[in-house]
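Q: Got a structure for you, questions after.
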Amino acid sequence: MTQIDSTIGVGKNIGILTSGGDAPGMNAAVRAVVRTAISLGAEVYACYEGYQGMIDGGTGIGKLAWSDVGSILNMGGTAIGTFRSADFRKREGRVKATKNLLERDIDRLIVIGGNGSLTGLDTLAQEWSENIAQLVAEQQLSAEVAAAHPQLFFAGLVGSIDNDLVGTDNTIGADSALHRIVDAINSLTSTAASHQRSFVVEVMGRNCGYLALMSAIAGGCDYALIPEMPPESGWEKQMREALAKGRAAGRRHSLVVVAEGATDRNQNPISSEYVCEILKHDTDEDVRVTKLGHVQRGGTPSAYDRWASTWLGYEAVMSVLTQKPGSTGKVIGFHNNKVSYFPLAEAVKQTNSMPELIATGRYDEAVKLRGSSFKEMADIFTELVNPPDAKIAANAKRVAVLHAGGLAPGMNVAAKTAIRLGISRGFTMLGVEDGFVGLAEGRISEFAWEEVEDWFAGGASLGLRRATPKVEDFYAINHALDANRVDALLIIGGWDAYEGARLMNEEKSRYPAFRIPIVCVPASIDNNLPGSTISIGADTALNVIAEAIDRIKMSGHAATRAFVVETMGGYCGYLAAMGGLSGGAERIYLHEEGITLADLERDVRLINEMFSSGRKLFLAVRNEAANPLYSVDFIARLLEEEGGDLFDVRQAILGHIQQGGDPTPYDRLLATRLAASALQVCADQFKNKEAEAAYIGIRGEGVVRTPMSRLAEEFDLNFKRPKRQWWLQLLPVISAVSGHQPARR
Ligand code: ADP
């Protein structure tokens, strides 16, 4: 992460454009580019309507001020326009574009677009010196200007709902598109279940099956057809049988997701209408087709598409301002939960090779290029939708699932996944009611595959309590585990889950039934758990916060008003920081940074200056434990008193709405992935005859298991948050785009 040097932009001009298909989150990136650049002394010019504005010049290119990108963070589409410019594909157009850029001293360019747009960027950068030489020869450009801009410094950000660029984990817009698709699938599920009907849902993605596969998993669908994994011949019969088996096992509907680019192994396209005909064949079943079309592209960006795109916009500015002569620009995206820089030409080449790989039947290579979690999720999906044929053996290992801690949306999905996959892997799956309380009372029962069908929405159907086992409970817990012959314990929850597992681990020598694999799965909206960059429920909470802030801001439109909003999180500032970033807060108060009287004095002064110069709205977000004395109420009253008649102040404590709601697609996918991994940890321990207490989570490349013995090393027991919090590296980003956050780090 590059740190801010507040003078690096002075005298530098940056061009920005959005091109190709629009994607929610592009606006967040544009806003971040403009604000970061201005914070660093640079100037930003928008090329309106993509490359076309660059070619047209005149009003096609215009300077953007700080306020020009106000109120666009939560808007879908792209405020600076996009266009598929045929002229830019021609050398002549690109020479004109070069001239128009140089007339404005722009030799730094940030392009947000898909594969095609980035190819265009690569071409322009390659040709830059040739274009200049031609312009000088034709006396359209002076030799001095040419000499001052020998190279195009550039950065590409991938804006595409398809998530099809090889090398990046997530493109701008893909998460929002998943929101749209899963919302639609949820609506279809309820009507399909009422009528015991089948639905075929066609989703976008060109030759990329990401949206189709992930929405099928997150939407709890039964079958998916995707380009990278075409079905074997005879698939029509196999699909009908698989769906019939699901119905026999208690499902009230069948949902099949078809990617728009799906084919069979002979390259024959598989249309949603064809799938519909297959499903109708020989039955009187009512089957309907829904093509989601362009709704997938539209709508407000998800919280992820806001904060992640903001971060990428910041990085793009840092990159174009710090590139050295001779260096080549890069595509910037996320890989393994880190901002990563990819050589543009290589990323584009690999992405362009995808249709060829699929057309020539090299499916394994195609799937590999999509990244390791794509294959992992595809395998989990296949296993998850297939009700097992065999009965569970009498001597099967017995794995119990329980929840502990506060409610986190996605807990149900994790428990359902664990139970279904556990059964299909040959375990007897048990559920414990009401967390450790139910465990001590022996409220443990076996669950069958069909019994967990409805565990999909928010909440925790097994029940949960905010309680850790006490010394006096250990005897009862030991007895319950023993009586139910529990061979492994899978605890899905927040800090209480980890604390409970840690205590049981410490009491192992005294209580023999505790000598089993105990695996903690991180589920907490606070995202304060060790061993995982993200926990189940945090993404849903962030989306709730972003939506609430949107509404709060809208309520202030007619007034001149400052808002102080409080989020949950205990001492962990994740929700405040990322919620504030997603909501466009001017000031974020965190316990990690502290609040001093000097800070508050500075804030009062700056806010008064802002409102005096015509500002209408100010938003501060405060973590609930940021400071014991400087509460939301205190800060709001302080601003009110010191602001006089300049503005009024409202406070909003978001409270428990942050724990509620349907889990987002990301939380459903995370819950599915982590539950599958937790079961794998149990299976590995059974095989190796181990009995370790551990916690799992997303770290680096994938899901990692950490022994409970490392907890004290990784976790701050005093403030109940990890000792190292990755998201603190976003504080400079917050400072750059908020225009108000003190740059302390
Ligand atoms: P996306 O960027 O979403 O993949 P397109 O493939 O339509 O969308 O590309 C968007 C625009 O990028 C095109 O209309 C064109 O202006 C430019 N572009 C695409 N490919 C090239 C290319 N090979 N050379 C120059 N410009 C290109």
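The values are calculated or read from the model by the stated rules, or taken from the named source; none is laboratory data. The model shown is predicted, which means the values in this text are computed figures rather than measured ones. So basically every Cβ, Gly included, is an ideal-geometry build from the backbone, and we count neighbours across all protein chains shown. What goes into the accessible areas is simple: the full protein's heavy atoms, side chains included, and nothing from ligands, DNA or RNA. Shrake-Rupley method; radii C 1.70, N 1.55, O 1.52, S 1.80 Å.
Q: Please list, short to long, the whole-number percent of alpha-carbon pairs of the chain in consecutive 10 angstrom bins beginning at zero.
A: Distribution as computed: 3, 14, 22, 23, 20, 12, 5, 1, 0, 0 percent.
Q: Whose amide H sits under 5 Å from the amide H of TYR223, counting only residues 5 or more places off or on another chain, with H placed in the peptide plane?
A: Correct list: LEU255, VAL257.
Q: What angle, in degrees between 0 and 90 and rounded to the nearest 10, separates the Cα long axis of helix 665-687 from the longest principal axis of the Cα atoms of the chain?
A: 50
Q: Add +1 for every Lys or Arg and -1 for every Asp or Glu among the other residues with Cβ under 15 Å from the Cβ of VAL437, and state the total.
A: -3
Q: Only four residue types carry charge here, +1 at the Cβ of Lys and Arg and -1 at the Cβ of Asp and Glu. Report the dipole size of the chain about the Cα centre in Debye, rounded to the nearest 20.
A: Dipole of the chain, to the nearest 20 debye: 600 debye.
Q: Which order do LYS470, LYS245, LYS349, LYS416 take by accessible area at a 1.4 Å probe, largest first?
A: Sorted descending by solvent-accessible area, the residues read LYS349, LYS470, LYS245, LYS416.
Q: Sticking with this structure for a sec: Please report the carbon-and-sulfur percent of the accessible area for the stretch 330-385; probe 1.4 Å, protein heavy atoms only, DNA, RNA and ligands left out.
A: Heavy-atom surface of the stretch 330-385 belonging to carbon and sulfur, 1.4 Å probe: 55 percent.
Q: Then there is this: Per residue, what accessible area does the stretch 161-273 have, given a 1.4 Å probe and all protein chains present, in Å²?
A: On the way: 3630 Å² over 113 residues.
Heavy-atom SASA per residue in the stretch 161-273 reads 32 Å².
Q: In addition: Name the residue farthest towards the positive end of the dipole of the stretch 224-281 from the options CYS276, GLN238, ALA248, assuming +1 on Cβ of Lys and Arg, -1 on Cβ of Asp and Glu, about the Cα centre.
A: The residue sitting farthest along the positive end of the dipole is ALA248.
Q: Also: Decide, for the stretch 533-679, between rounded, prolate and oblate: order the square roots of the alpha carbon gyration tensor eigenvalues as a ≥ b ≥ c, take rounded if a/c falls under 1.5, and otherwise choose prolate if a/b is larger than b/c, else oblate.
A: Cα axes put the stretch 533-679 in the prolate bin.
Q: How large is ³J(HN,Hα) for each residue in the stretch 34-49, as worked out from phi by the Karplus curve 6.51 cos²θ - 1.76 cosθ + 1.60 (θ = phi - 60°), to whole Hz, x for Gly and Pro?
A: 4, 6, 5, 4, 5, 4, 9, x, 8, 10, 10, 10, 8, 9, 6, 6
Q: Counting heavy atoms of the protein chains only and a 1.4 Å probe, report the per residue accessible area for the stretch 584-635 as a whole number of Å².
A: On the way: 2080 Å² over 52 residues.
Per-residue value: 40 Å².
Q: Could you check the simple spin-label distance between THR322 and ALA396, using points 7 Å along Cα→Cβ, in nm with one decimal?
A: According to this spin-label approximation, the distance is 5.4 nm.
Q: Any idea what diffusion coefficient the stretch 179-309 gets from Stokes-Einstein, in µm²/s, Kirkwood Rh on alpha carbon pairs, 25 °C, 0.890 mPa s?
A: 162
Q: Related question: Can you list the residues, at least 5 places off or on another chain, whose amide H is less than 5 Å from the amide H of ARG84, using H built in the peptide plane?
A: Amide H to amide H, under 5 Å and 5 or more residues apart or across chains, ARG84 pairs with nothing.
Q: Between the helical axis of 474-483 and the dominant principal axis of the chain, each derived from Cα atoms, what acute angle in degrees is found, rounded to the nearest 10?
A: The angle comes out near 70 degrees.
Q: Whenever you get a sec, compute what percent of the accessible area on the stretch 541-584 sits on carbon and sulfur atoms (1.4 Å probe). Can you show the working numbers first?
A: Numbers: 640 of 1180 Å².
Carbon with sulfur: 54 percent of the solvent-accessible area.
Q: Just need the relative contact order of the stretch 621-745 here, percent rounded to a whole number, with Cα pairs under 8 Å and 6+ apart.
A: Reported as a whole number, the value is 9 percent.
Q: Decide, for the stretch 1-143, between rounded, prolate and oblate: order the square roots of the alpha carbon gyration tensor eigenvalues as a ≥ b ≥ c, take rounded if a/c falls under 1.5, and otherwise choose prolate if a/b is larger than b/c, else oblate.
A: Note, shape of the stretch 1-143 comes out oblate.
Q: Calculate, for THR300 and SER709, the FRET efficiency according to 1/(1 + (r/R0)^6) with r their C-beta to C-beta distance and R0 45 Å; round to the nearest 0.05.
A: It comes to 0.50.
Q: Sticking with this one: Got a sec? Charge dipole of the chain, +1 on Cβ for Lys and Arg, -1 for Asp and Glu; which of GLY422, ILE607, ALA192 is way out at the positive end?
A: The one lying farthest along the dipole's positive direction is GLY422.
Q: Take the Cα atoms of the stretch 71-230, build their convex hull, and give its volume per residue in Å³.
A: Considering the Cα atoms of the stretch 71-230, their hull volume per residue is 142 Å³.
Q: Could you tell me the distance between the Cα centroids of the stretch 66-109 and the stretch 519-598, to the nearest Å?
A: Result: 33 Å between the Cα centres.
Q: Please report the projected area of the stretch 232-293's Cα convex hull averaged over all directions, in nm².
A: Its average projected convex-hull area is 4.6 nm².
Q: Let me ask another. What are the principal axis extents of the Cα atoms in the stretch 158-221, in Å, biggest first?
A: Projected onto its principal axes, the Cα set of the stretch 158-221 covers 42, 19, 14 Å.
Q: Evaluate the relative contact order of the chain (contact order divided by residue number), counting alpha-carbon pairs under 8 angstrom at least 6 apart; express in whole percent.
A: Computed over the chain, the figure is 12 percent.
Q: Would you mind calculating the gained length between MET554 and ALA448 on full extension (0.36 nm times residue separation, minus the Cα-Cα distance), in nm to one decimal?
A: Result: 33.4 nm gained on full extension.
Q: Next question. What percentage of the solvent-accessible surface of the stretch 636-729, computed with a 1.4 Å probe over protein heavy atoms, is contributed by carbon and sulfur atoms?
A: 48
Q: Could you work out how far apart the two model spin labels at ASP5 and ASP284 are, taking each label as a point 7 Å from the Cα in the direction of the beta carbon, and quote it in nm?
A: Each label point lies 7 Å from its Cα, and together they span 7.8 nm.
Q: To continue, here is another question. Sorted by packing (mean other beta-carbon atoms within 10 Å per residue), highest first, where do 693-705, 672-684 land?
A: The peptides rank, most packed first, as 672-684, 693-705.
Q: Viscosity 1.306 mPa s, temperature 10 °C: what is the translational diffusion coefficient of the stretch 470-518 from Stokes-Einstein with a Kirkwood Rh over Cα pairs, rounded to a whole number of µm²/s?
A: Rounded, D is 145 µm²/s.
Q: Measure off 7 Å from each Cα along the Cα-to-Cβ vector at ASP482 and LYS368, then give the distance between these two points in nanometres to one decimal.
A: Computed distance between label sites ASP482 and LYS368 equals 5.2 nm.
Q: In addition: Can you tell me what share of the DSSP beta bridges in the chain is antiparallel? A percent to the nearest 5 is fine.
A: Roughly 25 percent of the DSSP beta bridges within the chain come out antiparallel.
Q: Let me know the shape class of the stretch 424-493, please: from the alpha-carbon gyration tensor, a ≥ b ≥ c as square roots of the eigenvalues, rounded when a/c is under 1.5, otherwise prolate if a/b is greater than b/c, or oblate.
A: Oblate is the answer for the stretch 424-493, as a/c is 1.5 or above yet b/c matches or exceeds a/b.
Q: Right, something else. Taking the Cα centre of each part, how many Å lie between the stretch 117-180 and the stretch 669-745?
A: What the calculation gives is 36 Å, centre to centre.
Q: Find the centroid of the Cα atoms in the stretch 268-313 and in the stretch 315-342, then give the distance between the two in whole Å.
A: 32
Q: Let me see the P(r) profile for the stretch 383-467: every Cα-Cα distance counted, bins of 10 Å, each bin given as a percent of all pairs.
A: Per 10 Å bin, starting at zero, the Cα-Cα P(r) for the stretch 383-467 comes out as 19, 49, 28, 4 percent.
Q: Once every DSSP H run of n ≥ 4 in the chain is given -39500 (n - 2.57) and the sum is divided by its residues, what mean residue ellipticity at 222 nm do you get, rounded to the nearest 500 deg cm²/dmol?
A: Per the formula, -13000 deg cm²/dmol.
Q: Something else: When ranked by the protection proxy of mean other Cβ atoms within 10 Å per residue, highest first, what sequence do the peptides 109-122, 603-616 form?
A: Result, highest mean Cβ count within 10 Å first: 109-122, 603-616.
Q: Can you give the three extents of the C-alpha atoms in the stretch 594-745 along their principal axes, from longest to shortest, in whole Å?
A: Largest to smallest, the principal-axis extents are 71, 33, 27 Å.
Q: Out of residues 5 or more away from VAL621 or on other chains, whose amide H comes under 5 Å of its own, with H placed 1.01 Å from N in the peptide plane?
A: Those lying under 5 Å, H to H, from VAL621 are VAL565, ARG587, ILE588, TYR589.
Q: Let me ask another. Farthest toward the dipole's positive end in the chain, which of GLY531, GLY579, HIS149, given Cβ charges of +1 (Lys, Arg) and -1 (Asp, Glu) about the Cα centre?
A: GLY531
Q: A further question follows. For LYS237, list the lysines whose Cα falls under 27 Å from its own Cα; do not include residues on the same chain fewer than 8 positions away.
A: The reachable lysines, counting only those whose Cα sits under 27 Å from LYS237, are LYS245, LYS280, LYS291, LYS375, LYS391.
Q: Considering Cα pairs under 8 angstrom that are at least six residues apart, work out the relative contact order of the stretch 185-298 and quote it in whole percent.
A: Relative contact order here is 39 percent.
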